[in-house]
1. Which of the residues spanning the range 48-73 are open to solvent by 30 Å² or more (accessible area, probe 1.4 Å), part of a helix (DSSP H, G or I) and touching a residue at least 40 places away in the same chain (Cβ under 8 Å)?
2. Can you confirm whether the range 5-14 contains a residue that is open to solvent by less than 30 Å² (accessible area, probe 1.4 Å), polar (S, T, N, Q) and either away from the ligand (no atom under 14 Å from the Cβ) or under 17 Å from the mean Cα position of the chain (by Cα) (or both)?
3. Do you know which residues across the range 197-255 are more than 13 Å from the ligand (Cβ to nearest atom) and polar (S, T, N, Q)?
4. Do you know which residues across the range 229-246 are touching a helix residue (DSSP H, G or I) at 6+ places or on another chain (Cβ under 7 Å) and open to solvent by less than 50 Å² (accessible area, probe 1.4 Å)?
5. Keeping to the range 227-250, report how many residues are farther than 21 Å from GLY151 by Cβ and touching a Ser or Thr at 6+ places or on another chain (Cβ under 8 Å).
6. Taking the options TYR22, TYR52, name whichever one is on the phi < 0 side of the Ramachandran plot, near the ligand (Cβ under 10 Å from one of its atoms) and at pLDDT 95 or above.
7. Is it the case that the range 31-42 has a residue that's under 20 Å from the mean Cα position of the chain (by Cα) and assigned to a helix (DSSP H, G or I)?
8. Can you list residue pairs whose Cβ atoms sit under 7 Å apart, with the first residue in the range 221-238 being outside any helix (DSSP H, G or I) and the second being more than 16 Å from the ligand (Cβ to nearest atom)? Count only pairs 6 or more apart in sequence or on different chains.
Amino acid sequence: MGRLNGRVAIVTGGAKGIGRHYSQALAAEGARLMIADIADGKDAADEIARDYGANSVASMVVDVSDEAAVQALVGRAMERFGKIDILVNNAALFAPLQETKCTEIEAAMWDRVMAVNLRGPFLMVKHVAPQMMAQGYGKIINIGSGSIFHGIPWMLHYVTSKGGIMAMTRVLALELGEHGIRVNTLSPGLTMSETLMAQNPGHVATARDRVVAARSLKRDEQPQDLLGALVFLASADSDFMTGQNILIDGGNSNT
Ligand SMILES: NC(=O)c1ccc[n+]([C@@H]2O[C@H](COP(=O)([O-])OP(=O)(O)OC[C@H]3O[C@@H](n4cnc5c(N)ncnc54)[C@H](O)[C@@H]3O)[C@@H](O)[C@H]2O)c1
């Protein structure tokens, strides 16, 4: 019996990279899910449908920074699955972001990073939380980043946005607790996602050896390293936990 049998999840950014692994892990534990991504999630959904049945999954192309698109997504998920128990706010601008000095980041790029990485999760919560309130239960997992604890150079926009995620989690936990909604952050360290490796060899080359050397556990982090904590935060096992951060980075930072 899966730990998420009967649960329904939305995974933003669930079509590719680490999000695709999150989608598979939730389905493997019995959750039905909606994959929401600006990229087409059909492949990821087909794979899950093959393994867990056509009724277990749907996908939708959505820009999480667009409120009308987020509303349409929530409407579609409710229509298809009848409820939403778990929201994984994973979509972000990360893998394609080139390292750029703080003096050279274009203001438009700064705004876009904030729009996807902060406005996106806010809009998702704004429209998903009412459904969770109606059922008196919910699990929101905001994907943060270990980079906020030690900083990384040439990624000011990205690291700043992830600092906002941590603050957002704390406020939401306070506001939504009375409705039975738990809100936590899951923070990965530098992780060798397929998208990061393919889209940003420059950042991998600059950061990989430095990060591994700084860890207590001296190896690359893989998407699979995050899945146990993700399922824990999505499941009833963590029902008395809210407003917290789980950092999975091989001991790079101690929080
Ligand atoms: N890989 C790492 O080293 C690492 C480390 C710490 C945190 N993270 C975080 O983990 C998450 C996944 O990272 P990843 O390595 O898979 O990178 P990624 O950039 O491939 O993942 C982002 C996902 O979000 C989607 N997306 C981008 N813009 C969107 C939008 N406007 N609307 C909807 N979807 C959108 C992308 O298509 C992609 O599927 C991100 O939140 C990232 O910040 C990654």
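The values are calculated or read from the model by the stated rules, or taken from the named source; none is laboratory data. Quantities reported herein were computed from a predicted structural model and do not represent experimental measurements. As a convention, Cβ positions derive from the backbone with ideal geometry for all residues, glycine included, and neighbour counts pool all protein chains shown. Only protein heavy atoms, including side chains, enter the accessible area calculation; ligands, DNA and RNA are left aside. Shrake-Rupley method; radii C 1.70, N 1.55, O 1.52, S 1.80 Å.
1. Answer for the range 48-73, where residues must be open to solvent by 30 Å² or more (accessible area, probe 1.4 Å), part of a helix (DSSP H, G or I) and touching a residue at least 40 places away in the same chain (Cβ under 8 Å): GLU67, GLN71.
2. Yes, because at least one residue in the range 5-14 is open to solvent by less than 30 Å² (accessible area, probe 1.4 Å), polar (S, T, N, Q) and either away from the ligand (no atom under 14 Å from the Cβ) or under 17 Å from the mean Cα position of the chain (by Cα) (or both).
3. If the condition is that a residue be more than 13 Å from the ligand (Cβ to nearest atom) and polar (S, T, N, Q), then SER216, SER235, SER238, THR242, GLN244, ASN254, THR255 are the ones that fit.
4. Passing the criteria: LEU230, VAL231, ALA234, SER238, GLY243, ASN245, ILE246.
5. Total satisfying the criteria: 3.
6. It is TYR22.
7. Yes - at least one qualifying residue is present in the range 31-42.
8. Every condition considered, the pairs that remain are SER235/ARG3; SER235/LEU4.
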